[in-house]
Amino acid sequence: MLPLLKEAATEKDISSNIAAFQEAYDQLMPLLASDIPSTEFSFQLLTNRPWVTLIDKGYLMANGVVSTRIIPSGKARAFESAFQMLVRTRNPPKDIRKWWKTNGKKLELLFEAVKWPQKELGGDDLFVLGPFKVHNVKGFRDGWLDFMKKGVEFVAKLGARNPVPGFSRALYGDVFLVGQLTQAHVAAWYNPSEDSLYLRQVSRTGHDEAHAMLHELGHRYYQKFAKKPAKKLWGKWHASIRRSSDKKFPSHYASTNAEEHFCEALAMKAMGDLSREHLENFDHIWS
Ligand SMILES: [Zn+2]
């Protein structure tokens, strides 16, 4: 999994990194404009350090922007592209001048981004919905915003019915409504190390989004709240389906491992999509 946004990055992620970012930029620019050949070792030696600083500090600042700034709709695509570059870039390029031609503008966008207006709690960009604090990073408006809000509310309602005992304890925290900042083809994902949740709009019905969000909350429950004996029993049930020639997993993805199986079964149960045989075993183990 790619490293993701930090949960609840703050103004400090911007303010404490911008000076070093600016300094590295000021060091790098004259070097790029100089006539030292890109292939010369001394050039690489001089440019690597400010380049690494730009990427490291830029990544932290971009996280700060995502959490605290309103991203203007005309800039959303450019910012997503810059963010993706910062997430994916690891090692210094062989030719920094060539790299800069493609990516310099993306780094420079950060100078502008830190001046974008701040989100205020209660507006369309940052609001509380049931147990969740929702960051509308994508800048959804009107119909699509209502659609996403309804989806999150729907999930909060289904989750509060506790598809497994105490599941409502997993309903909390920051939910980021994103475009393609990270994983491109999934409706939701959960970052366990940062305990944050991401949601994308992928369908017109909302079914896939709601399922995916419940599935991801299932990961949080499984990793933070599920009791060991139940997990052990669940592991045995998973293995027994794996060995069996006639039993099937509730979904194709559920066959991945016991945890994914749990998350799929939980989401399907909450949505009323789990078949009777699976439901009986699920409830037997988890209640
Ligand atoms: Zn999963």
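The values are calculated or read from the model by the stated rules, or taken from the named source; none is laboratory data. Owing to the predicted nature of the structure, the values given are computational and were not obtained by experimental measurement. All Cβ positions, glycine included, derive from the backbone under ideal geometry; neighbour counts span all protein chains shown.
Checking the structure you have, find out if any residue of region 274-281 is surrounded by 14 or more Cβ atoms within 10 Å (Cβ to Cβ), modelled with pLDDT of 90 or more, under 30 Å from Ser67 (Cβ atoms) and not aliphatic (A, V, I, L, M). It would help to see each step written out before you state the result.
Going residue by residue through region 274-281, those that are surrounded by 14 or more Cβ atoms within 10 Å (Cβ to Cβ) are 274, 278-279, 281.
Okay, now just the ones that are also modelled with pLDDT of 90 or more, so 274, 278-279, 281.
Still in the running and under 30 Å from Ser67 (Cβ atoms): none.
No, region 274-281 has no match at all.
Restricting the search to region 146-174, which residues are within 21 Å of Gly122 (Cα to Cα) and of a type in the set (A, V, I, L, M)?
From region 146-174, those within 21 Å of Gly122 (Cα to Cα) are 146-157, 171-174; that's our starting set.
Of everything in region 146-174, those that are within 21 Å of Gly122 (Cα to Cα) and of a type in the set (A, V, I, L, M) turn out to be Met148, Val152, Val155, Ala156, Leu171.
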Quiz item: Out of region 122-164, which residues are part of a loop (DSSP other than H, G, I, E, B) and in contact with a strand residue (DSSP E or B) (Cβ under 7 Å, 6 or more places away or on another chain)?
Solution: Asp124, Asp125, Val137, Lys138, Phe140
Quiz item: Looking at (1) of a type outside the set (Phe, Trp, Tyr); (2) under 24 Å from Ala230 (Cβ atoms); (3) away from the ligand (no atom under 15 Å from the Cβ), which is the only condition Gly179 fails?
Solution: (2)
Quiz prompt | Only one of Gly179, Gly218 that is outside the structural domain of Asn63 (by TED's automatic domain parsing), over 25 Å from Thr68 (Cβ atoms) and small (Gly, Ala, Ser) | solution = Gly218
Exercise. Could you check how many residues of region 236-267 are more than 13 Å from the ligand (Cβ to nearest atom) and either touching a residue at least 40 places away in the same chain (Cβ under 8 Å) or closer than 17 Å to Arg220 by Cα (or both)?
Key: 1
Practice problem: Give the residue that is farthest from the ligand (Cβ to nearest atom), with candidates limited to residues of region 188-225 that are without any contact (Cβ under 8 Å) to a residue 60 or more places away in the chain and among the aromatic types (Phe, Trp, Tyr). | Solution: Phe225
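Quick one: is Ser240 at pLDDT below 95 and surrounded by fewer than 16 Cβ atoms within 10 Å (Cβ to Cβ)? Don't jump to the end; show me each part of the working.
Working: at pLDDT below 95: no; surrounded by fewer than 16 Cβ atoms within 10 Å (Cβ to Cβ): yes.
No: the conditions fail for Ser240.
Within region 216-231, can one find any residue that is under 20 Å from Asn136 (Cβ atoms) and crowded, with 22+ Cβ neighbours inside 10 Å? I'd like the intermediate steps shown before the answer.
As a first pass, look at region 216-231 and keep what is under 20 Å from Asn136 (Cβ atoms): 216-217.
Filter once more, so that each one left must be crowded, with 22+ Cβ neighbours inside 10 Å: 216-217.
Among the residues of region 216-231, at least one is under 20 Å from Asn136 (Cβ atoms) and crowded, with 22+ Cβ neighbours inside 10 Å, which makes the answer yes.
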Quiz item: Only one of (1) of a type outside the set (Val, Ile, Thr); (2) more than 30 Å from Arg220 (Cα to Cα); (3) without any contact (Cβ under 8 Å) to a residue 60 or more places away in the chain fails for Trp144. Which number is that?
Solution: (2)
Quiz prompt | Among (1) within 25 Å of Gly143 (Cβ to Cβ); (2) among the hydrophobic types (A, V, I, L, M, F, W, C); (3) surrounded by 20 or more Cβ atoms within 10 Å (Cβ to Cβ) - the single one Val202 does not satisfy | solution = (3)
Exercise. Hey, can you tell me all the residues within region 80-103 that are of a type outside the set (Lys, Arg) and in contact (Cβ under 8 Å) with a residue 60 or more places away in the chain?
Key: Glu80, Phe83, Gln84, Val87, Ile96, Trp100
Quiz item: What are the residues in region 150-182 that are among the charged types (D, E, K, R) and touching an Asp or Glu at 6+ places or on another chain (Cβ under 9 Å), if any?
Solution: Asp174
